[in-house]
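Notes follow once the structure below has been shown.
A short reminder: the numbers here are calculations on the coordinates, not readings from a lab. Quick caveat, the model's predicted, so the values are computed rather than measured. Cβ: placed from backbone, ideal geometry, glycine included. Neighbour counts: every protein chain shown.
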Amino acid sequence: MNEWSDTDRHDGWQQDGPQRWPLHWGALFPRERWMWFERLWSDVLTMRERYLLPVRARWWEDAIQVEALAALAAWVDRYDSGEWDDPPGKLALLFDLERVSSLLRDGHDPFHPDRDRPAFLAHLCLLGAQPPEPPHGDANT
């Protein structure tokens, strides 16, 4: 979930190979910051369905929830990618979902991606994040 290497998923940003994202966005440049949060958004959608996480609206405004979700996404990714093959560790992840869920219960209404997307994008702008440039030759530029 937290690795990227293809251009289709990352708006034209090419990398030579998989790169592990940091678990916190603070030291990233503005465009990397945007990509970091976009990736986390995608990971949250996946984990919310897969693990029935009780994600709340405006989770991106709570630093603890952001860090918990980023860490959980990195943990899940290492098992899903085959980087880790440790059944007891995977069980530990599954058992720890309840503890992670307790961090996510504070907040406003339940998270609804379609409804909450504009507020999420506005928050990224407040953080100084910048969306990647559109690809050259885009008819909309």
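Could you give the length gained on full extension between His112 and Thr46, defined as 0.36 nm per residue of separation minus the Cα-Cα distance, in nm?
Gain on stretching His112 to Thr46: 22.5 nm.
List the residues whose amide H sits under 5 Å from the amide H of Arg56, counting only those 5 or more places along or on another chain, with H placed 1.01 Å from N in the peptide plane.
Under 5 Å from the amide H of Arg56: Phe111.
In what sequence, highest mean first, do 87-98, 30-41 appear when ranked by Cβ atoms within 10 angstrom?
Working: 87-98: 11.5, 30-41: 19.2.
With the highest mean Cβ count within 10 Å placed first, the list reads 30-41, 87-98.
Determine how many Å³ per residue the convex hull of the Cα atoms of segment 27-126 encloses. Could you put the intermediate results ahead of the total?
On the way: hull volume 10.4 nm³, N = 100.
Cα-based convex hull of segment 27-126, divided per residue, equals 104 Å³.
Taking the Cβ of each residue in Arg48, Arg58, Arg99 as the centre, tally the other Cβ atoms inside 10 Å and list the residues starting with the fewest.
The fewest-first ordering by Cβ neighbours comes to Arg99, Arg58, Arg48.
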